[in-house]
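Here is the structure we will look at.
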Amino acid sequence: MLQQHLAILPILIPLFAALLQLLPWGNRPQPKRRAIGLLASILTLIAAVALLVEVQQQDMLVYLLGNWDAPFGIVLMVDRLSALMMLITAVLALPVLIYGCYAEDNLGSHFQALYQFQIMGIMGAFATGDIFNLFVFFEVLLISSYALMMHGGGKFRVRATLHYVLLNLLGSALFLISIGVLYGVTGTLNMADMAVKIQSLTGDQAMLAKAGSLMLLIVFGLKAAILPLHFWLPQAYSTTTGVVAALFAIMTKVGVYSIIRVYSLIFGADANELALVAHDWLWIMGLLTLVAGAIGILAARDLRLMVAYLVVISVGTLVAAFSLSSAATTGATLFYLIHSTFITAALFLLADLMAFERGKTASRIVSGKKMANHSTYATFFLIGAIAIIGLPPLSGFVSKLMILESAAANGHNFWLWGAIIGATFVMLVAVTRAGSKMIWHTLSGKASEQSAPLGKRIALASLLSLTLLISIFANPIRQYTDAVADQLTDVDSYPVHVLKRAGGEHE
Amino acid sequence: MNLLFIIMAPLFGALLPLLFKRTPRAVQTLITLAVPLSCIAVLLNYAPATFAGDVPKQFVEWLPALGLNFALRLDGLSLLFVSLILGIGVLIIGYAHYYLSRDDDEGRFYACLLLFMASMLGIVMADNILLMWAFWELTSISSFLLIGYWFHSSDARRGARMALATTGAGGLALLAGLLLIGNIAGSYQFDAVLAAADTIKNHDYYATALVLVLLGAFTKSAQFPFQFWLPHAMAAPTPVSAYLHSATMVKAGIFLLARFHPVLGGTEMWLTIVTVVGLITMLVGAYFALLKHDLKGLLAFSTVSHLGLICMLLGIGTEGAIVAALFHIINHACFKAALFMTAGIIDHESGTRDMRKLQGLMGLMPLTATLAMVVAASMAGIPPFNGFMSKELFLDQAVQQHLFGGLSWFVPILATVGAALSVAYSIRFIHDVFFNGDYKELPKKPHDPPRMMSAPVAILAIMCIAIGLAPMTMVSGILDVAASSVTNASTTVKLSLWHGFNLPLLMSFVAVVAGILIYAARDQLFTFNRQFDGQDAKHNFERIVQRISDRAAQLFDRLDTGSLQRYVAFVLISVIVIMLPSLIDLSAITGGKPQQPIDVVSMVGAIVLIAAAFATATLHRNRFVMLMMLSVVGLMVSLAFAHFSAPDLAMTQLVVEVVSIVLMILALFFMPQKTARASSGHRVFRDIIIASFIGGIVATLNFAILTSPAESISDFFIANAKIGGGGTNVVNVILVDFRGFDTLGEITVLAIAAAGIHKLLNKLKPFMPSSDVDGRPWHRIKHPLMLTNVANLVLPMAMMVAVYIFLRGHNLPGGGFIAGLIAASAMILQYIANGVDWVKGRFNVNYQSLMSIGVMIAALTGLGSWLFSKPFLTSWFTYLKWPVVGKWEFATALLFDLGVFLTVIGATMMILSNFGKMTTRHRPTYEGN
């Protein structure tokens, strides 16, 4: 029975887990809530793996909610891209949650429930095939992220959250307006159906749809943190708790995912008058984002802020590379997306652990006390630095190489080469400088007595080990991302799958 | 056994010293030694094939999509380098065992050293140019770790970072170059690249590719103008300097030139750049070598100089030049590694490397002195040592070349100058340390080191003599195959110590005499050079990085002020910029749809709405007034909904208005009544322009959409609400059935919002005013009698209305959402009228559980359809005959709506009651209820 409902499981599992966690659970509720959360995360992971296996066999799963035919009801449309994103989320969520279960969840109310709600929202955004439903899941994931971001409290955190909330409310309003425009022009909310309708638009109708699609770009750009909409990110990610920042490594990717989804399915190469409307903007803004991120890491005086700007760099790379819109670059871009999600999450956790053990100097890039687990963190930092900078032999190297190699050598693409290679050099200088100050240049005297729990270190180590695994298994992963890219290019297959129902009637 | 072993053994072997960290040091050293020795055994297995002219290869597929594979080759050039890397590696490991002090972490040292060895072997054996690049960067990393081995010293840290930044930058340039080459050749396998050599040389991007590759080579081999990092890398332990920064790693750049000579070499551009850079480097390096007072500094610059020499030979690129270059690679590795180890011994035994302090050590360290003299003589190019022979070949090439037309005669002269300087600093190394007067007091009284520490030096010294005396037996075989893989044609090398009386010999003689003279006049040179003191590349590097970092921070401070207003402005300006072009392209904003006539009611409503909205904005500084204006806006919107036949929306909007205004008035309690004037006139002006544009854009879109005819899915909803969903209220059927999944999402949002607000509130400790804005204390009667009575009356009535609205929702305006809000507002009235204590005593429901159960009911209703093998949320309805009421519909959608109803009550009450509690002694608790 579950097989039939596989597509919706990654949404329902965290939903029910979160609802259960909201119940009182007696005098010592936290252990029970943790157990529910961990169990749910494991189940979600299993479901996500099963989904990935499934879409390799049958291209895409279409799930008609309420058994209403598309385009009238809401559909879940789990294609290869969705399955990949869901698996990334599930793989990320488990170690980060384990990390969070070491008392991080006691810093404020409802952490465990909000965490699951957050996963539910992200999963839903990846799974849905309906643009209004995408808006709903954006709301779910946003409102959970508002609450998670202020986890732990404190003046700076609440202030950063306020900025984050207001900007995203603005984003939501724009999202709603643009959906209204697109619905007004096409008369549908189903993405596959909309793709069909968009193809036949001409004249003023096409212009209106273009206006709607570009407004949508601002919404997704805000979420993904593309220049000049990225300002909220460094402040927000560097002030929130490490565990939340680590989970949020996937949040910018939701924006990137939405960009990939909408501007390849609806406004892709097949959209006639509206073909690739956003790609020129994506190209320029992506490159500028890369540059802004690079300047940011040079300016950063705090390791967490530096990692936040590393996120900005990765977003710029993703967006600029995607805008080249060939199957090869998209395959490489998705590979890079996998890598950058895990490694930035790991770095946020590392910065958190180091800040804890360093005590007063926290994560500021200055020399400080020797940490209790100094050599462990030194090793972690080395691995993390090699991976994020993109040096061999870890995943950063493979994925950057893929992007550069897939962008054929010509005058246009040299801008991307230059930006990526230049940013890599800046990272090399800035990250080694930070490492040298924080790890090598320790003050003489006794080491710190605060030692982080072993479980946190193991959770981090397991996240970090992914960077090596991605590199070793680069070939099968790349084959999969190439298959994703092929499917995305084949826009016509979507209406075929989504709009023709498999059978069965509504009662 | 296969070729892979030669790389994998040290790569994974790097873990061994770490695993055996607890064992005695001798054991660690032996285990580490076993790694290169086993590689040598495997190498011996393959060498005969290479000597026979074959190229043993190994191919393991890694990333075919990228063209990156684990492909290895062992041609002559590789064999030459592999032998050097492994041979000298063994000696260095042995030497390091005695060199490192008891406090040093030997395990970490050996691990990094083996890692380096693996990456270096990878560079020279890679048969895939991307793979080669990977190992290239790995040498930079391991070199970084080794230079920074004594990381407590600031010199080590900065030296390491500078080396990494320089070689790393070069490495990235190299990557771009290799990608270009691969793009042109269509493959990254070396054979394919080699086959495409002519295409590459004639390609438009040839010049770019060449420059990029050369940048990689020059940074790595510390060629001018990138020579600055190498002397600072000498902060590393001496075995590292000997191994990485003289014998092997810095030769990676040279290796790259040799490897790509058949692909990129031979063009005018190659000849000019490589030869000139090599020549300059040779002279600059030699000059600075003479000036350094630090033994390792002298050797470092002399390394730069000798690398320049080799580079120049590769630039000239004739067969003879290439043989000379390869020969000098071997010779330089032998004598320079030995000299570094000697410098290490002197430092280790005497406690200093400063030549101004050292003197007269001959009597104290006779063995060290003797060995040093042999290898220094080789460096100076004195017969019969090996250095002499390769220098002769070099001078010969300098004479023979005709690269620069009429100015070609410059080259042999400058080559002789370089040779002379080389003689001078070699003499300095020996004379200053071992002679030059009697022994003076030093930190430690030196003596010859343990026999085993001298052994590696002795072995290398013997090599210098042996190669010098019997070059044909010692090296001709390997030079044959190595040279043929560089020239891509079979080569037979003829070497002999004595070439007869010829021009090179004369130049050598001149160089020796001049060298002695220069050394004699060194004091003048030192005096001259003192004018340039204070230029330290390390500090410059640090200063530059610091300055760039500061600039970046300044730029960001100016751009990213942390002002929310600015961020919002950026978003809105982006909207304007990105949308204006397509709106300008719109030919008309009125579509084909006929417009409805404007009636008076709509007119008045619109005017009130506009006025209220305007008032909200202009009066915003008085918060209470602003709230009132805002509620007028809300009311007008509700009326508009009602007027344009959307009763469901009107009802919802109305109740939402009530609840949110109550909430905001509660919030107002904690806030100042007036907002301070925060914006300057300019900013207000800017904001008005932005806001007008945005308003205009949205209005344009709205009008254009509303007037354009369009078919949409809504026709289906109207047609199917009754037959498919079992209800006549289409809006409700959409909410609970057609798009019930959206509703499930939205009630989840509501529940999350409630939990989030509770989370925020129980951490806040706001200021609680004890009087109103004019300083009057709050009235002593908190709960006025009238209100209490009315509220008590209203509650049951409101509940009844709520249930009624809820039940009829499926067919007439109403539904769970509206009903929930009505019930909630009645209960809020209880809180307002009677206070928290009173309500808690009578009605102690855990709102958090209520809302959780509400969502759960909705979700479980959806799940129920699984039992009938239908997708989530598939609805079902039937008509039942109920007692008393008669025929009444039962739909699963009603159950779903019940969930909505409970969630709305639970969430609304959780938010409001917790907010209300903030004003009382019942602070919101951590768990919440």
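The values are calculated or read from the model by the stated rules, or taken from the named source; none is laboratory data. Keep in mind it's a predicted model, so treat the numbers as computed, not measured. Positions of Cβ are generated from backbone atoms using ideal geometry, with glycine treated the same way; all protein chains shown enter the neighbour counts.
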A:Ala345: more than 13 Å from chain B (Cβ to nearest Cβ) and modelled with pLDDT under 95, yes or no? no
Of the listed residues (A:Ala328, A:Ala351, A:Ala299, A:Ala332), the one being within 26 Å of A:Met438 (Cβ to Cβ) and within 14 Å of chain B (Cβ to nearest Cβ) is A:Ala299
Picked from the stretch A:185-202 (must be part of a helix (DSSP H, G or I) and touching a Ser or Thr at 6+ places or on another chain (Cβ under 7 Å)), the residue surrounded by the fewest Cβ atoms within 10 Å (Cβ to Cβ) is A:Lys197
Report those helices (runs of 4 or more DSSP H) wholly inside the stretch B:144-238 carrying at least 1 residues which are touching a residue at least 60 places away in the same chain (Cβ under 8 Å) and closer than 22 Å to B:Gly344 by Cβ. B:154-185, B:229-232
Considering every residue within the stretch B:846-866, establish whether at least one is among the hydroxyl-bearing types (Ser, Thr, Tyr), under 30 Å from A:Phe72 (Cα atoms) and away from chain A (no Cβ under 12 Å). no
Please specify each residue of the stretch B:577-627 satisfying the condition of being within 14 Å of chain A (Cβ to nearest Cβ), loosely packed, with under 12 Cβ neighbours inside 10 Å and part of a helix (DSSP H, G or I). B:Ile584
Given the options B:Gly168, B:Gly107, B:Gly182, B:Gly148, name the one that is of a type outside the set (D, E, K, R) and more than 9 Å from chain A (Cβ to nearest Cβ). B:Gly107
Please tell me if A:Leu288 is under 28 Å from A:Leu87 (Cβ atoms) and either crowded, with 24+ Cβ neighbours inside 10 Å or not aromatic (Phe, Trp, Tyr) (or both). no
Within the stretch A:85-99, can one find any residue that is within 27 Å of A:Lys197 (Cα to Cα) and crowded, with 22+ Cβ neighbours inside 10 Å? yes
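Which one of these is surrounded by fewer than 17 Cβ atoms within 10 Å (Cβ to Cβ) and either without any contact (Cβ under 8 Å) to a residue 24 or more places away in the chain or not aromatic (Phe, Trp, Tyr) (or both): B:Leu495, B:Leu479, B:Leu503, B:Leu460?
B:Leu503
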Mind checking whether some residue in the stretch B:891-898 is more than 10 Å from chain A (Cβ to nearest Cβ), in a strand (DSSP E or B) and over 26 Å from B:Gly745 (Cβ atoms)? no
Residues in the stretch B:840-853: is at least one surrounded by fewer than 22 Cβ atoms within 10 Å (Cβ to Cβ), modelled with pLDDT of 90 or more and touching a Ser or Thr at 6+ places or on another chain (Cβ under 7 Å)? no
Restricting to the stretch A:406-421, give me the number of residues that are outside any loop (DSSP other than H, G, I, E, B) and more than 7 Å from chain B (Cβ to nearest Cβ). 10
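Would you point out which residue out of B:Leu131, B:Leu114, B:Leu72 is outside the structural domain of B:Ala337 (by TED's automatic domain parsing), surrounded by 22 or more Cβ atoms within 10 Å (Cβ to Cβ), outside any helix (DSSP H, G or I) and at negative phi?
None of the others qualify; the one that does is B:Leu72.
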Could you grab me the full set of residues in the stretch B:186-203 that are within 11 Å of chain A (Cβ to nearest Cβ) and not aromatic (Phe, Trp, Tyr)? B:His203
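If I go through the stretch B:236-253 residue by residue, how many of them are surrounded by 24 or more Cβ atoms within 10 Å (Cβ to Cβ) and either more than 15 Å from B:Met120 (Cβ to Cβ) or polar (S, T, N, Q) (or both)?
5
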I'm told B:Leu403 meets every condition in (1) under 27 Å from B:Leu495 (Cβ atoms); (2) of a type outside the set (Ser, Thr, Tyr); (3) at pLDDT 90 or above except one. Can you identify the failing condition by its number? (3)
Quick one: B:Leu256 ticks every box in (1) outside any helix (DSSP H, G or I); (2) at pLDDT 95 or above bar one, so which box is it? (1)
On the basis of being under 23 Å from B:Ala755 (Cα atoms) and out of contact with any Leu (no Cβ under 9 Å at 6 or more places or on another chain), does A:Ala160 make the cut? yes
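Residue by residue, here is whether (1) of a type in the set (S, T, N, Q); (2) under 24 Å from A:Ala294 (Cβ atoms); (3) touching a strand residue (DSSP E or B) at 6+ places or on another chain (Cβ under 7 Å) holds:
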{"position": "B:Val512", "(1), (2), (3)": "no, no, no"}
{"position": "B:Asp536", "(1), (2), (3)": "no, no, no"}
{"position": "B:His539", "(1), (2), (3)": "no, no, no"}
{"position": "B:Gln554", "(1), (2), (3)": "yes, yes, no"}
{"position": "B:Asp557", "(1), (2), (3)": "no, yes, no"}
{"position": "B:Gly562", "(1), (2), (3)": "no, yes, no"}
{"position": "B:Asp585", "(1), (2), (3)": "no, no, no"}
Going through A:Thr333, A:Thr361 one at a time, which residue ends up being of a type in the set (Val, Ile, Thr) and surrounded by 24 or more Cβ atoms within 10 Å (Cβ to Cβ)? A:Thr333
Conditions (1) crowded, with 21+ Cβ neighbours inside 10 Å; (2) touching a residue at least 60 places away in the same chain (Cβ under 8 Å); number of the one not met by A:Asn413: (1)
Checking the condition among the hydroxyl-bearing types (Ser, Thr, Tyr), surrounded by 16 or more Cβ atoms within 10 Å (Cβ to Cβ) and in contact with a Leu (Cβ under 6 Å, 6 or more places away or on another chain), which residue from A:Ser406, A:Ser471, A:Ser436 passes? A:Ser471
Looking at the stretch B:556-576, which of the residues that are touching a helix residue (DSSP H, G or I) at 6+ places or on another chain (Cβ under 8 Å) and hydroxyl-bearing (Ser, Thr, Tyr) is surrounded by the fewest Cβ atoms within 10 Å (Cβ to Cβ)? B:Ser574
Among (1) over 17 Å from A:Phe267 (Cβ atoms); (2) among the small types (Gly, Ala, Ser); (3) touching a residue at least 24 places away in the same chain (Cβ under 8 Å), A:Ala173 falls short only on (3)
Candidate set: the stretch B:705-742, residues that are facing chain A (nearest Cβ under 9 Å) and of a type in the set (Val, Ile, Thr); chosen: the one nearest to the chain's Cα centre (by Cα): B:Ile705
Does B:Val749 satisfy the condition of being at the interface with chain A (Cβ under 7 Å from one of its Cβ atoms), among the β-branched types (Val, Ile, Thr) and without any contact (Cβ under 8 Å) to a residue 60 or more places away in the chain? yes
Criterion first (assigned by TED's automatic domain parsing to the domain that holds B:Lys391 and at pLDDT 90 or above) does B:Leu495 satisfy it? no
Got a number for residues in the stretch A:422-445 being more than 7 Å from chain B (Cβ to nearest Cβ) and over 18 Å from B:Glu542 (Cα atoms)? 6
